[in-house]
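These notes are about the structure you will find just below.
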Amino acid sequence: MSDSENSGLVSPDRRDFLVLGLSATALVALSTAPGLALASFNSPDTHSGNMTMSKVTTQDGVEIFYKDWGPKNAQPIVFHHGWPLSGDDWDSQALFFVGQGYRVIAHDRRGHGRSSQVSDGHDMDHYAADVAALVQQLNLRNAVHIGHSTGGGEATRYVARHGQLHKRVAKLILIGAVPPVMVKSPANPGGLPIEVFDDMRKQLAANRSQFYLDVASGPFYGFNRPGAAVSPGMIQNWWRQGMAGAANAHYECIKAFSETDFTDDLRAITVPALVMHGDDDQIVPIADSALLSSKLLKNATLKVYEKYPHGMCTTHADVVNQDLLKFIRG
């Protein structure tokens, strides 16, 4: 870990209304809080062959849980999950890419999944710095970063402010991602009204368990659409992941993913990027996200999927995985 890279870390990181309004389930916030550097590395909790699950501890004592699967000398792929989930949301992709010979890393964002349930740092700057600490500890280079929804915001900020700077990133992939910015404002007239996100916070605080069931059984996977093939397993797995995390972290994260402006980050990214989005995404509407982000990125390819929902990585994993593989190999 070089001194210059370490200093880089320390500087700048709802059923019907949901269909229309929850257009914001998955994301993380503008903050001036400084990034947090790696303090220590915990020995593996579980180890089996090439599959490892461990934690990295940041300087403020936050343990970031991660999975590290596949050959350690293979090209790494780092997966950034959406709100309010965990690295488990990438299981379909993780198993696929391990089978293709890649090294796969999927972490749980602070306050989510198995990572520490802390009271602060629930903003994009900390999220990105936590990723940077993990990447440094594992000494990942030539890595492909893939972010879904809120995780797309996290990945964007990481690449722009950490990964490129230290020449650790090969490519960036955004799927149903929140950038450039979700909330409506004079500068972003196509965004979602702040009332949408206020309603999410209200529902989370009133009955988080039911709220999460409503999201998963409705707009997230498009199960509210006529003729949809509803999967109870997907719904239960989404709910399981969400309820494993901290209510306070999920509450604060709504502000983070809805109000953070990633415009400057997108403009700063020069590595090849792939922007993937379903045109029936009811959580992060495509018109104010992918269609804009793909223009702000200097070297981006936009791929739109007809009638695909926000949770397309799960509902259409076979298609998504093959397209990811093609771009990564290209």
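Set the Förster radius R0 to 41 Å, insert the Cβ-Cβ distance between residue 167 and residue 248 as r into 1/(1 + (r/R0)^6), and round the FRET efficiency to 0.05.
Working: r = 36 Å, r/R0 = 0.88.
Computed FRET efficiency for residue 167 and residue 248: 0.70.
Considering only DSSP beta bridges with both partners in the range 65-223, what is the antiparallel share in %, to the nearest 5? Don't jump to the answer; show the numbers that get you there.
Working: 5 of 20 bridges.
Bridges in the range 65-223 are about 25 percent antiparallel.
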Straight-line reach check, residue 298, cutoff 15 Å on alpha carbons, 8 or more apart in-chain or any other chain, hits among aspartates and glutamates -> 264, 265
Simple SL model, points at 7 angstrom along Cα→Cβ for residue 231 and residue 329; separation in nm is 2.4
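Within 10 Å, count the other beta carbons around each residue, average over each peptide in 74-82, 270-278, and list them highest first.
Numbers: 74-82: 25.6, 270-278: 22.8.
Highest-to-lowest ranking by the protection proxy: 74-82, 270-278.
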Taking R0 as 56 Å and r as the Cβ-Cβ distance between residue 202 and residue 298, the FRET efficiency 1/(1 + (r/R0)^6), rounded to the nearest 0.05, comes to 0.90
With 0.36 nm assigned to each residue of separation and the Cα-Cα distance removed, residue 287 to residue 267 gains 5.4 nm
Taking the alpha-carbon centre of each part, the distance from the range 160-199 to the range 52-84 in Å is 22
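What shape does the range 222-328 take by its C-alpha gyration tensor, where a ≥ b ≥ c are the square roots of the eigenvalues and a/c under 1.5 counts as rounded, a/b above b/c as prolate, and the rest as oblate?
On the way: a/c = 1.89, a/b = 1.23, b/c = 1.54.
Cα axes put the range 222-328 in the oblate bin.
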For the residue 119, residue 73 Cβ pair and Förster radius 25 Å, calculated FRET efficiency rounded to 0.05 is 0.05
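Step through the table entries 171/295; 171/326; 67/326; 202/255, compare each Cα-Cα distance with 19 Å, and write down the pairs that go over it.
Working: 171/295 17 Å; 171/326 12 Å; 67/326 24 Å; 202/255 13 Å.
Violating the 19 Å limit, Cα to Cα: 67/326.
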So residue 185 and residue 322, fully extended at 0.36 nm per residue minus their Cα-Cα distance, gain in nm 45.6 nm
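We did not get these values from a lab; they are worked out from the coordinates using the rules stated. None of these values were measured; they are calculated from a predicted model. Neighbour counts are summed over all protein chains in view; Cβ atoms, including those assigned to glycine, are modelled from backbone coordinates with ideal geometry.
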